[in-house]
Structures are given as C-alpha cells and as structure tokens.
Amino acid sequence: MITRREFGLLGGAFATQFWATPLFAIQSDEDARLNAFFDAIYQRGLDRSPIAQSRQGLKTNQDKWDDLSEARQLEGHALRQQDLARLREFDIARLSPQSRLSYRMFERGLEESLRDWRWRDHGYGMTQMGGMHTRVATTLINSHPIQSRGDADAYILRLERVGPLMGQVIANLEREEAAGIRPPRFVYPLVIGPCENLLRGAPFETGADSPMLADFKTKLNGSEVPASERAALVQRAESALRGGFATGYRNLLAYLRGAESRADDVDGVWKLPDGAAFYRTQLEGYTTLPLDPADVHALGLREVARIHEEMRAIMVRTGFTGSLQDFFEFMRTERRFYHPDTAEGRAAYLAEANVLLAEIRARQGELFGRLPTKEVEVRAVEAWRERSAPKASYTNPPQDGSRPGIFYVNLADMSAQPRYQLAAILYHEAIPGHHVETVVAHELTDLPRFRRFAGVAAFSEGWGLYSELLPKEMGLYADPYADFGRLSMSLMRACRLVVDTGIHAMRWTRTQATEYLDRNMPSSHADNVREIDRYIVLPGQACSYFIGMQKILELRQRARQRLGQRFDLRAFHDQVLGSGPLPLPMLEEQIDAWIAAA
C-alpha cells in the first residue's frame, strides 16, 4: 500500500475517532459550522478531481481527467492559504473535544501542505512506482465500470482525452527538469516499458487486443448495453485509442526517451537543490516524527542484528547446519519453496493465497470487535505493468461497493515470490492489514470525509507490518519456514531504515545499497535491486513501516502494563483503527486517553 505523502487532491489531513467514548453526542453550533466547513472543502477537492471521484465510485465527471496544469496547482495553493485563514476564525473554546481534534488535524495538514509547497517539483512526477502513465490505465480498469451506454461513452471520451492530459504531464516534467530535478537514468526504461505495453496489440497492430481494448470489450459485454449497439461502441473505442490515447502516450514516450539521454546515475536526493533539507522533510512527512537520518540508520543496524539472531534460532529448529548466509542460500534455491514459473505455477500461487485468505478471514473476529463490511480478493498484477510494479499492493474498494478490495501480487517472476513469504505478505496487504484498516476507516461515517479518506504512511504501513506479527500470536506460522518468511519481511523493513538513509543522507550508491541487502537478506539479487530502485525514487517512505510498527507495539505494551487483566486485544485494535489513520503523536494521545478512561 504505497502513496506519495501529500495533502492531496481532496485537501485531506489526518483522521481520528475516539469512538469508545461518546464524544459525538456532545455537539454545538460551532461544531456544526466546523463540520460544514470541512465538508465543503472536501467536496471542493473532490469536484476538482475526476480521478478521485472514480476511485470513490462516483460518476459525476466520469468522462474527464484531472487538470494537472501549473495554473491549477497555483490555484490550489491559494485555496489552501485561504482555508487556513478561514479555519482560524472558528472559536476553539466552543468546540467539542472531537471537533478540536478535527481542527488540529486539519490545521496540521494545511500547514504541512503550505510548508512543502517549495518542494512541489522535487517528488519525481513519474517513476516506476507510479505516475499518470500508469494511473490512466489503472483508473479505467479498476475504477471505471461499464453498466450503461453513458458509462461506455464516458470511457471512450476518457481514452480520447489522454492526449491533452499527457500534454500537461509533459509540461510538468519539463518544469521539473528545468529546475534540475530528474530521477536517475535507470528509472526511465522502467517507465517507458509500461507505456509501450499499452500501445501493443489491437487496434495499434495486429494480434490480441491491447490491455485497454480488452478491458473495454469485457466490461461492455457484461453490461446492460443492448448487443445491437456494442459493435459501434467498440469501433469508437478503437478510434479513440488510435487517436488521443496513442497520441498522448507517443508524445510522452518521445519526451521520456529524450530525458533518459540527459539523465545521470546519481541516486540519492541529496543531489537535488536543497536535497538534504528535502530528505529530512520527506522523512518527517512519512514517519510523522522529526527524526534524524543518523538515528534512523543506527536503529536499522540494531534491528537487523536482532532479527538475524531470531533467524538463527529458526535455522536450529529446522536442523540446518551452516552459517546464516548458507541458510539464506538454501531458502533462495530450494525448489519446494517456489511454484514453477509457468501458468500452472501462477495459478497454484493464487490458489494458495486464497486458502490463506479464507483461513484468516474466518478468524478475524478474534482480533477486532469492528469488522469491515466489504470483501477483499486476490489478483495477479496485470501483465502490461508487472515488470515495474511492486511485489504486492492493495487497492481499496470503491464506496459504491461495485467491486471488492484487491490484494495484488506480482507474478512476473515466480522466483521473486517464495511461498514461505506469502502468508506474511497477505496478512500485511489484506487481513488483518490494509484491507481491514482502510475499510474500517472509510466506514466511520460519523467522521468528516477528509478524515475517513486520509493517508498517513507511518500509521498505515506501521499497521501493515504489525499485521504480519499478529497471526504469529494467534498460532499461525506454525511451520518454521513460514515463520522465517515472516522474519524475512520484518528484516526487509529493518534493512530499509539502513539503506534509505544510506542512499539519501549518506550518499550511498545504488550498488552499495544493493550489496547491503545481498549480504543481509535472503531475497534474490534481482529482488534486492527492485527494492533499492523503489527506495531511490520514494525517499523516506521505506522508513514508515518499521517506525510505525514500533510505535503501535510500544502503545500496546503500555496498555497491557497499565490495564493488567482489564487489557483486551480486540478493544485495543478497535481503538487504534477506530480513529482512522493518525500521525503517530496523535495516535499516542488517543491511546493514552483510552487507557486513562479505562
């Protein structure tokens, strides 16, 4: 579950709800005015983003894309300045405790957004981890259902309007480049590849349908559109693909190939204008804590050493003799730990994932009093983007319930998806991880929308990593190799503290960082390269996992110590998730207040 830290198209900040205490019953006129203010700003942001509307299952501007122009960005910045001034007109003393918390969160989000305006071009607008080159296709595939003729017409218009959209994308990338901001050279092939894949197949060339044409036909054939009208709609879609869609992507490809020739091989963001200050801002933004990179680096080294010791204990349990590096090599090469790199092997992996998902779904009531009402399913990453997509990810269900949440697994290379890691990955992305955390937040209907749909990396990724540990405490991971898989995922997050700070604060090269993972991780060299490439283009994000998990575990231990026999794990989890995603200091406040109330 990876997002760039930003105040967002919807003007969101952070979320909370202390729902074990009936604070919502305490309302005032000032509360009502403040909530109306929040709702109006959220709606304004939603109105400005057709992509966000689609992701929420809305069809208001289903035929449009977001306006990405610099003028629109400047307008948004000015609106946030006005919003902060208007927020401070409210009388805090007249607000209920819950509304005061909303006030603080909204204020924090606005202040961070305005502070970070100076870095708006530093974040690499397009990388292998995301950008409009993939968002176009994923929005249409995942968030644009076709049920009626109007839905089909809107899909076709969106295809045609990719041309001007990519014109805005290119203008923004050119502005970044003129400011001395471009990603390292290795990024460009990883961005170019998915773009080229979207232009392969019919109607661009003979052969099987391209990804977008195949998606359109499949949805159209399952729709309420009369069969007599479908052929004409397919022809229009093919024309739009050959027209605006192809024009937009070909223009983007021409820019990217030129930019690749001008790129360098320096990896850390220290190379950017004021790069050191930018990295500290990123680190604080993702972890919600004012951390020193040197301290994060040292923490990572300590945690790597600790987890290595736990792995040695598992090695002894299995009867393996040799060094930890020998055991790593065994885990990398033993065939029973991998499904074949074939269609049958991929199907077997998905089947195994579904068995694990059914098992943990049946037991999630042991962990939560409040359960998500929407389901989650397992899917393989689409072939057109699998070479650049992450190992796994989660996509939340839209609010209209038109599809479930999706736990994506990347099956491009089966040697990069060992079976012993599958359980931990699934627990992180689906249940009890991101699916539960996200859907519960979305269903907190007493909260302002900006809080329900907020994104806080340290909270969400910390919860995801914590969710890998919870099944261990439930008696799962009974097989020592599966438990090794859990530890290998935790080890990766500890290593991230080392290499992320190494690359961006200590000027490590891509090669140095990859060699560190090769020495300390059981994963393959190719998998380690992919991981390092991710950290290079998302500075600071990789540190959010371990920092967030560490805080959740600290708070759980505090609650256990203070509550003694009154401590209830389900109640603790409901408190953590019942407030929606929070910056870590505010999460600590909430849990401390819950402990005191209990």
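None of the figures in this text is laboratory data; all of them are computed from the coordinates on show. Being a predicted model, the structure only gives us computed values, none of them experimental. Heads up, the Cβs are rebuilt from the backbone with ideal geometry, glycines too, and the neighbour counts pull from every protein chain shown.
If the limit is 24 Å between Cα atoms, which of LYS472/LYS551; LYS217/LYS374; LYS59/LYS217; LYS64/LYS219 go over it?
Beyond 24 Å: LYS217/LYS374.
Within region 50-92, which residues have the backbone N less than 13 Å from the label spot 7 Å out from GLN147 along Cα→beta-carbon, could you tell me?
57-60, by backbone N distance to the label point.
Grab the Cα-Cα distance for GLU359 and ASP47, subtract it from 0.36 nm times how many residues apart they are, and report the gain in nm with one decimal.
Residue separation times 0.36 nm, minus the Cα-Cα distance, leaves 108.3 nm.
What does the helix-only formula give at 222 nm for the chain: each DSSP H stretch with n ≥ 4 adding -39500 (n - 2.57), the total divided by the residues, and the result rounded to the nearest 500 deg cm²/dmol?
-19500 deg cm²/dmol
Could you size up the charge dipole of region 130-267 around its Cα centre, putting +1 on the beta carbon of Lys and Arg and -1 on that of Asp and Glu, and report it in debye to the nearest 20?
220
So who's got an amide H within less than 5 Å of the one on ASP66, skipping anything under 5 residues away but keeping other chains? H placed 1.01 Å off N, in plane.
Those qualifying (amide H under 5 Å, at least 5 residues apart or on another chain) are ILE51.
Put +1 on the Cβ of each Lys and Arg and -1 on the Cβ of each Asp and Glu in region 417-499; which of ILE431, ALA458, PRO480 then has its Cα farthest toward the positive end of the dipole?
It is ALA458, whose Cα lies furthest towards the positive end.
Once the Cα atoms of region 279-551 are picked out, what are the Rg and Dmax in Å?
Considering region 279-551 through its Cα atoms, Rg and Dmax are 18.3, 57 Å.
Just how large is the dipole of the chain about the Cα centre, in debye to the nearest 20, putting +1 at every Lys and Arg Cβ and -1 at every Asp and Glu Cβ?
140
Taking Cα centroids, how far is region 506-542 from region 239-311 in Å?
Cα centres, region 506-542 to region 239-311: 12 Å.
Across region 183-191, in residue order, what do the Karplus-derived ³J(HN,Hα) couplings come to in whole Hz, using 6.51 cos²θ - 1.76 cosθ + 1.60 with θ = phi - 60° and x for Gly and Pro?
Computed from phi, the couplings for region 183-191 are x, x, 4, 5, 5, 4, x, 6, 8 Hz.
Hey, can you grab everything whose amide H is under 5 Å from the amide H of TYR394? Only 5+ residues off in sequence or another chain; H modelled, so Pro and N-termini drop out.
ILE2, TYR408
Rounded, prolate or oblate, given the Cα gyration tensor of region 238-330, with a/c below 1.5 counting as rounded?
oblate
What distance in nm lies between label points placed 7 Å from Cα along the C-beta direction at ASP568 and LEU87?
3.5
Calculate, in nm to one decimal, what ASP274 and ALA36 gain on full extension: separation in residues at 0.36 nm each, minus their alpha carbon distance.
Full extension of this stretch gives 81.8 nm more.
Short version: ³J(HN,Hα) in whole Hz for each residue of region 293-298, in order, from phi by Karplus 6.51 cos²θ - 1.76 cosθ + 1.60 (θ = phi - 60°), x for Gly and Pro, what are they?
x, 5, 5, 5, 4, 5
What FRET efficiency comes out for ARG230 versus LEU371 if R0 is 45 angstrom and r is the Cβ-Cβ distance? Round to the nearest 0.05.
Efficiency at R0 = 45 Å is approximately 0.65.
Averaged over every viewing direction, what's the projected area of the C-alpha convex hull for the chain? Give it in nm², one decimal, please.
About 26.9 nm², averaged over all directions.
Measuring from label point to label point, each 7 Å out along Cα→Cβ, what is the ALA171 to THR60 span in nm?
Placing both labels 7 Å along Cα→Cβ, they lie 2.4 nm apart.
At 0.36 nm per residue, minus the direct Cα-Cα distance, what do HIS525 and ASP592 gain on full extension? Give it in nm, one decimal, please.
Result for the pair: 19.8 nm of gain on full extension.
Projecting each Cα onto the charge dipole of region 279-551 (Lys/Arg +1, Asp/Glu -1 at the beta carbon, about the Cα centre), which of THR511, TYR286, MET521 comes out farthest on the positive side?
So the residue furthest toward the plus end is TYR286.
Quick one: if you stick a label point 7 Å off each Cα along the C-beta vector at ARG242 and LEU74, how many nm between them?
Inter-label distance under the simple model: 4.0 nm.
Pull out a ≥ b ≥ c, the square roots of the eigenvalues of the alpha-carbon gyration tensor of region 264-308, then state rounded if a/c is under 1.5, prolate if not and a/b is larger than b/c, and oblate in the remaining case.
Verdict is oblate for region 264-308.
In sequence order, what are the phi-derived ³J(HN,Hα) couplings for region 487-503 according to the Karplus relation 6.51 cos²θ - 1.76 cosθ + 1.60 with θ = phi - 60°, rounded to whole Hz, with x for glycine and proline?
Residue by residue, region 487-503 yields 5, 5, 6, 5, 4, 4, 5, 5, 4, 4, 4, 6, 7, 5, 5, x, 5 Hz.
Please return the longest range in the chain lying between exposed loop sites, taking GluC sites (Glu not before Pro), DSSP loop only, at most 13 other beta-carbon atoms within 10 Å, and leaving the sites out.
The reported range is 335-598.
About its Cα centre, how strong a charge dipole does region 223-336 have in debye, to the nearest 20, once Lys and Arg get +1 and Asp and Glu get -1 at the Cβ?
480
List the longest stretch of the chain that has no exposed loop site; here a site is one of the trypsin sites (Lys or Arg not before Pro) assigned by DSSP to anything other than H, G, I, E or B, with at most 15 other Cβ within 10 Å.
By the stated rule (loop sites, at most 15 other Cβ atoms within 10 Å), 201-369.
May I ask you to derive the FRET efficiency for LEU157 and ARG379 from their Cβ-Cβ distance with R0 = 35 Å, giving the value to the nearest 0.05?
The calculated FRET efficiency here is 0.85.
Just check region 430-555 against the gyration tensor rule for me: Cα atoms, a ≥ b ≥ c as the square roots of the eigenvalues, rounded for a/c under 1.5, and otherwise prolate or oblate depending on whether a/b exceeds b/c.
It comes out oblate by the Cα gyration axes.
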